[in-house]
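Take a look at the structure set out below.
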Amino acid sequence: MSKLALVLTTLTLQLGAAGTIHNKKAQITTACGASDYLRGLEIKAGNAVRSALNKAIQAATTATKIKVAVASTSPENQAAGRIIVARIDEGAIRAMATILAENEAINAGVSAIGRLAGDQEVIAELHSLKIADVPTVAAASVTAEGTHLKITPKLTIATKPACIADDNSRKKDKEKDDADMNAPDAISLAVLTAAEPVGYGGALTVCSHGTPNTQISGISCAGSQASFGIKGGMVFATSIKKSTKKEPKLDSEYNADTTTNTVPNGPTIPAELKHLLELEKAVAAISAISVETDAATITKSSDI
């Protein structure tokens, strides 16, 4: 085997396989699960960029090796080597140019992922916000300074960073056993809505009772007006909002949601998903780059 052939057999210059960075088996049911999923997209995008950079460097390095390998060979081999080196150099430059061209979209997309993931972790903590129970106060004292009824928000403060389990791993949602690989990509996010008081005696309502200075838990709110307390409860309700692409195509836009009664609100999410979509397309463009290394094919190329 010639020195030139040996160099070529060590070279793999397909920069990657173009495709979605989404996980079709994902099944988001919690804010922490959504945050973990988003961070997974960020990792995949970063890996694609690093892989492309490494392959471009590998291409340039291999071109240098070929120059050295053919330097002391016949004029014909040197000519063939120059042709191959020119093509490989062109491919490396093209790869770097593509990465540079997609840099803005990548940065914007990664920033959007960071904002969305951070929002999800804040939501996971805010979900614990509740109004505490207030023991009954004698009716005559309900509006008196010092003894008046006070609505007290209460947070359950975690001892670990948001969305971190006891074993210090990130909290995840269980994946589906099977998935439709042809289904449109989607992003699921936890959103907050204001909790609504229920019927009398339920959460977030005033509770009357016959005896003052009585804890609300364990009693039934009665019709007596001798004393009043507050039945506490959660301030927020959490639900999962899913944004699905209009078509099962990588470059298809996500469906817009304009509802304004959630946190984050409808207009906020699509604005970030636009950046995510541009990131997905940038990763696909980077992953699709390849460099031709077959000598016969290169010598027949019209652009060399």
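The values are calculated or read from the model by the stated rules, or taken from the named source; none is laboratory data. All figures in this text were calculated on a predicted structure; none of them were measured in a lab. Counting neighbours? That spans all protein chains shown, and the Cβs are built from the backbone with ideal geometry, glycine included.
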Looking at segment 262-272 only, could you name the residues that are part of a loop (DSSP other than H, G, I, E, B) and either of a type in the set (Ser, Thr, Tyr) or modelled with pLDDT under 90 (or both)? Thr262, Asn265, Gly266, Pro267
In segment 24-60, what residues are surrounded by fewer than 18 Cβ atoms within 10 Å (Cβ to Cβ) and of a type in the set (Val, Ile, Thr)? Thr29, Ile43, Ile57
Lone unmet requirement of (1) under 30 Å from Thr244 (Cβ atoms); (2) in contact with a Lys or Arg (Cβ under 8 Å, 6 or more places away or on another chain); (3) modelled with pLDDT of 85 or more for Thr73: (1)
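Tell me which residues, restricted to segment 227-281, are hydrophobic (A, V, I, L, M, F, W, C) and more than 22 Å from Glu102 (Cβ to Cβ).
Result: Phe228, Ile230, Met234, Val235, Phe236, Ala237, Ile240, Ala256, Val263, Ile269.
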Could you list, in sequence order, the residues of segment 141-151 that are free of Cβ contacts under 8 Å to residues at least 60 places away in the same chain and of a type outside the set (Asp, Glu)? Thr143, Ala144, Gly146, Thr147, His148, Lys150
If the requirement is being modelled with pLDDT of 90 or more and either loosely packed, with under 13 Cβ neighbours inside 10 Å or assigned to a strand (DSSP E or B) (or both), which of these qualifies: Thr214, Thr193? Thr193
Taking the residues in segment 220-232 that are assigned to a loop (DSSP other than H, G, I, E, B) and in contact (Cβ under 8 Å) with a residue 40 or more places away in the chain as candidates, determine which candidate is nearest to Leu155 (Cα to Cα). Gly232
Which of the following residues is part of a loop (DSSP other than H, G, I, E, B), at negative phi and touching a Leu at 6+ places or on another chain (Cβ under 9 Å): Thr143, Thr147? Thr143
Which one of these does Ile43 not meet: (1) in contact with a helix residue (DSSP H, G or I) (Cβ under 9 Å, 6 or more places away or on another chain); (2) of a type in the set (A, V, I, L, M); (3) more than 18 Å from Ser290 (Cα to Cα)? (1)
Please work out which residue is farthest from Ile123 (Cα to Cα), limiting yourself to segment 249-261 and to residues that are of a type in the set (Ser, Thr, Tyr) and part of a loop (DSSP other than H, G, I, E, B). Ser252
Filter segment 86-104 down to residues that are in a helix (DSSP H, G or I) and crowded, with 20+ Cβ neighbours inside 10 Å and give me whichever is farthest from the chain's Cα centre (by Cα). Arg87
Counting just the residues of segment 120-140 that are in contact (Cβ under 8 Å) with a residue 40 or more places away in the chain, under 34 Å from the mean Cα position of the chain (by Cα) and in a helix (DSSP H, G or I), which one comes out surrounded by the most Cβ atoms within 10 Å (Cβ to Cβ)? Gln120
What's the total number of residues in segment 7-23 that are surrounded by 16 or more Cβ atoms within 10 Å (Cβ to Cβ), closer than 24 Å to Ala105 by Cβ and modelled with pLDDT under 90? 4
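Just checking, which of Ala63, Ala79, Ala117 is modelled with pLDDT under 90 and crowded, with 17+ Cβ neighbours inside 10 Å?
Ala63
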Some residue of segment 257-268 being farther than 29 Å from Lys130 by Cβ and touching a helix residue (DSSP H, G or I) at 6+ places or on another chain (Cβ under 6 Å): no
Could you please give the count of residues in segment 141-166 that are more than 25 Å from the chain's Cα centre (by Cα) and not small (Gly, Ala, Ser)? 13
